[in-house]
1. Expected output is a single nm value to one decimal: the length gained when fully extending between residue 62 and residue 153, i.e. 0.36 nm times separation in residues minus the C-alpha distance. What is it?
2. Once a ≥ b ≥ c are taken as the square roots of the eigenvalues of the Cα gyration tensor of the range 71-156, is the result rounded (a/c under 1.5), prolate (a/b larger than b/c) or oblate (a/b not larger than b/c)?
3. If the label point is 7 Å along Cα→Cβ of residue 269, which residues in the range 180-194 have backbone nitrogen under 16 Å from it?
4. Can you sort 156, 62 by how many other beta carbons sit within 10 Å, fewest first?
5. Using a Förster distance of 45 Å, how high is the FRET efficiency between residue 119 and residue 300, based on the Cβ-Cβ distance and rounded to 0.05?
6. Describe numerically, in nm with one decimal, the distance between label points set 7 Å from Cα along Cα→Cβ at residue 38 and at residue 288.
7. What is the extension gain from residue 112 to residue 181, computed as 0.36 nm multiplied by their sequence separation minus the C-alpha to C-alpha distance, in nm to one decimal?
């Protein structure tokens, strides 16, 4: 691999034991699990993502910003420090050059702020409808750092980084941010088991996958009533738990119970993770689910059957 060799067994161990971003399935933005390659002092993490803009109200600058934050965060949640990115854009023939330039400028601005090298290509295609973007990124993961579902233990705490506790909203509409600095700082505290970004399938989907991969039984705390009311507003006739709602731009961490308070205090000092708070705990390990939801009226099952390897 051009100057470094893939460590024997690395790919298998990543696929079976490590949870970085649970939404690696092709139906969710084409996200994939990271590949790891050994280098001196650690490993290189390789991540890819895809996205599409269908000419909606999202501006070129906003789209470029979101795409850059997405790939950087996919690397950051592994514990790695992003090093370099590649952006490939394929657009319909009618896409203006100005739109593409603004998209690239926004992408480059985020990369420059994070001190990450980039390469970029653009192409127009008559058969395309909209704009398709593919990103790839490489980050460096120190040898002494290990995050993964195999490190989760009974008594660990689940922490959600959002303004959920601060202004009663589950879906963070403040726009995407890069979490690299926040994550790197939290990792210095020790006790972090794994980090992921729930994204489209919501917190319930992320927790379900954690429960399946450990395996574990998980107990969640019911969101506050005003959170439910705000999130159900406009969803006439649509019944679901707030935990099932899409939640972009949020981090979900599993940390040791003895360091949870310190982690929450540190996260709350950073604007992107303001409002960090515990949403549940690992109540048992070695068993597959269920995921429980504790409410004012007692405990009920939020997720009866967790995801399994057949779903991957």
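1. 28.8 nm
2. Verdict is prolate for the range 71-156.
3. 180-190
4. Listed from fewest to most nearby Cβ atoms, that is 62, 156.
5. On the way: r = 50 Å, r/R0 = 1.12.
So, using R0 = 45 Å, E works out to roughly 0.35.
6. Those two pseudo-labels are separated by 3.3 nm.
7. Stretched fully, the residue 112-residue 181 segment lengthens by 23.4 nm.
Taken together, the values in this text are just the output of simple stated rules run on the coordinates, not laboratory data. Quick caveat, the model's predicted, so the values are computed rather than measured. Ideal geometry is used to build each Cβ from the backbone, glycine not excepted, and the neighbour counts take in all protein chains shown.
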